[in-house]
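The values are calculated or read from the model by the stated rules, or taken from the named source; none is laboratory data. Worth saying up front: this structure is predicted, and the values here are computed from it rather than measured. Don't worry about glycine lacking a Cβ; one is built from the backbone with ideal geometry, like all the others, and counts go over all protein chains shown.
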Amino acid sequence: MEKHGVYLGPRLRRLRKDLGLTQAMMASDLEVSPSYVALMEGNQRPVTAEILLRLAKTYRIDVSALADDSMPELLERLRSTITDPIFADIEMSPLEVGDVLSSFPGFAEALLRLYAAYKEEQLALADQMQAAMRGEAFESGDPVAEVRRFLSARRNCFPGLDAAAEKLAAVIAETGGLSAHLLRRHNLRVRRLPPDVMSGSVRRLDRHRHEVLLDDCLDSASQNFQLAQQLAYLELDDEIAALVQEGNLPTEGARRLAHRALAGYAAGAIVMPYKQFAKSVEVRRYDVEALARQFGTSFEQTAHRLTTLQKPGQERVPFFFIRVDPAGNVSKRLDSANFPFARHGGGCPRWSVHQVFLTPRKVVTQWLELPDGQRFFSIARTVSSGGGAFGVPNVNRAVALVCEASHADRLIYCQNGQTVAPTPIGITCRLCQRESCTSRSEPPIGRQILPDHYRRPDAPFGFSD
């Protein structure tokens with residue numbers, strides 16, 4: 001501790017609010033003036049050793065709970081933000097960034113929120129431009145698109161939620177598991193019931209009977225995930241609600257979808273705690289199936305979690321994740337790898353994610369090259385949900401993880417860094433200028449189609465120069 005105290009303004013304010021106290025009430029308890037409490041909360045006065053001792057004695061708290069362990073994380077986020085090209089002409093040393101955070105923490109937080117909002121607007125503008133190029137109307141009220149922008153602007157990474165989930169996971173492990181923790185902490189028993197009794201639900205909280213009900217056709221990975229998600233709603237809901245509020249989502253539908261997405265994020269963080277999972281990722285060299293066996297999760301849950309490992313200072317390979325059905329409909333998309341996937345219209349049929357349905361549950365790798373020369377490495381496999389009993393419908397989908405080619409040698413799927421000839425793909429047919437593609441379904445924007453009175457090319461369309 002510094003000789004004259006430490007600045008703990010935000011932590012002190014949160015403690016006071018958690019205790020349900022006004023500044024005047026806390027000032028009376030600590031025998032100081034209300035204005036002094038306000039100054040300490042505003043980081044204009046330090047919290048001295050004497051005040052810390054009074055806090056500990058008066059409210060019976062461990063003073064270590066006031067330690068600001070988020071500062072290194074915020075510093076990394078702030079430094080990462082300053083590297084954005086929009087700030088390229090501003091010279092700011094790492095020391096100056098640290099000074100801003102320590103001296104003006106509220107301003108630093110405001111800048112981070114504003115930057116996140118800026119990234120969301122950039123993504124929205126890209127959606128509008130792409131829709132205009134396709135001659136489509138841009139639906140700004142689409143809640144799914146709004147939530148995707150919300151997640152993408154933050155690279156699908158929420159360090160604060162990860163930290164809270166990691167602490168909860170440690171408590172759960174000490175208690176004896178998810179079911180034991182629900183019983184001990186919330187007086188909730190876990191019961192597994194057949195689908196006809198569950199009436200179309202896979203999980204239901206029955207507060208009257210103090211039970212969490214699960215569909216007994218769920219496999220063990222899905223059961224654990226559902227229990228973890230219920231715990232997220234019970235114990236991390238305040239953190240989730242704060243993140244949703246910060247997102248400033250324009251519609252109630254989008255806010256509800258974002259809340260659900262973050263609860264799922266928290267569930268994944270509980271069953272696959274960040275530090276432990278990030279360490280195992282390096283040891284296993286991103287072997288999704290091996291990681292799934294280690295953590296008792298499904299292939300899809302594990303692949304999804306790999307997209308979230310962008311905690312400042314503890315980053316792993318950034319991935320793009322997508323889940324599609326046999327008809328090509330996209331039901332989930334997460335991006336931390338800057339993969340230029342089409343947000344409207346169909347994807348490229350030459351990408352293996354659309355072909356793995358022919359080889360169920362087999363991991364298929366592929367090198368990809370976009371028309372501008374960018375190269376990526378793709379891992380794709382089918383996954384299934386539902387089923388579990390005779391007559392229960394089974395849903396088959398395909399998931400893919402994509403990273404930039406420069407990261408591929410860190411993956412077990414790329415043996416000895418060897419590459420094969422990449423498959424030329426496009427973002428979507430309307431934006432792809434590859435003239436000889438035999439898989440093309442539409443002509444690209446801006447090209448004149450040639451008649452085929454005298455010559456019929458192999459490709460579906462011939463184009464004038």
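Quick one: would you say Gly391 is under 28 Å from Leu334 (Cβ atoms) and not charged (D, E, K, R)? So Gly391 fails the test.
Checking Arg305, Arg285, Arg293, Arg350 one by one, the residue that is over 30 Å from Cys429 (Cβ atoms), outside the structural domain of Ala164 (by TED's automatic domain parsing) and out of contact with any helix residue (DSSP H, G or I) (no Cβ under 9 Å at 6 or more places or on another chain) is Arg293 and no other.
So that you can scan it fast, the table gives a plain yes or no per residue for (1) closer than 22 Å to Gln122 by Cβ; (2) under 13 Å from the mean Cα position of the chain (by Cα); (3) surrounded by fewer than 16 Cβ atoms within 10 Å (Cβ to Cβ):
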residue	(1), (2), (3)
Gly296	no, no, yes
Thr302	no, yes, no
Leu309	no, yes, no
Pro318	yes, yes, no
Pro326	no, no, yes
Val330	yes, no, no
Gln355	no, no, yes
Arg361	no, no, yes
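Each residue in the range 10-41 was checked for being in a helix (DSSP H, G or I), at pLDDT 80 or above and of a type outside the set (Gly, Ala, Ser), and 15 of them qualify.
Taken together, Arg54, Arg13, Arg60 contain a single residue that is of a type in the set (Lys, Arg) and loosely packed, with under 12 Cβ neighbours inside 10 Å, which is Arg60. Would you confirm whether or not the range 311-320 contains a residue that is under 21 Å from His181 (Cα atoms) and of a type outside the set (Ser, Thr, Tyr)? Checking the range 311-320: not a single residue is under 21 Å from His181 (Cα atoms) and of a type outside the set (Ser, Thr, Tyr). Those helices (runs of 4 or more DSSP H) of the range 145-257 in which at least 1 residues are closer than 30 Å to Arg77 by Cβ and not aromatic (Phe, Trp, Tyr), considering only elements entirely within it, cover 159-175, 220-235, 237-247.
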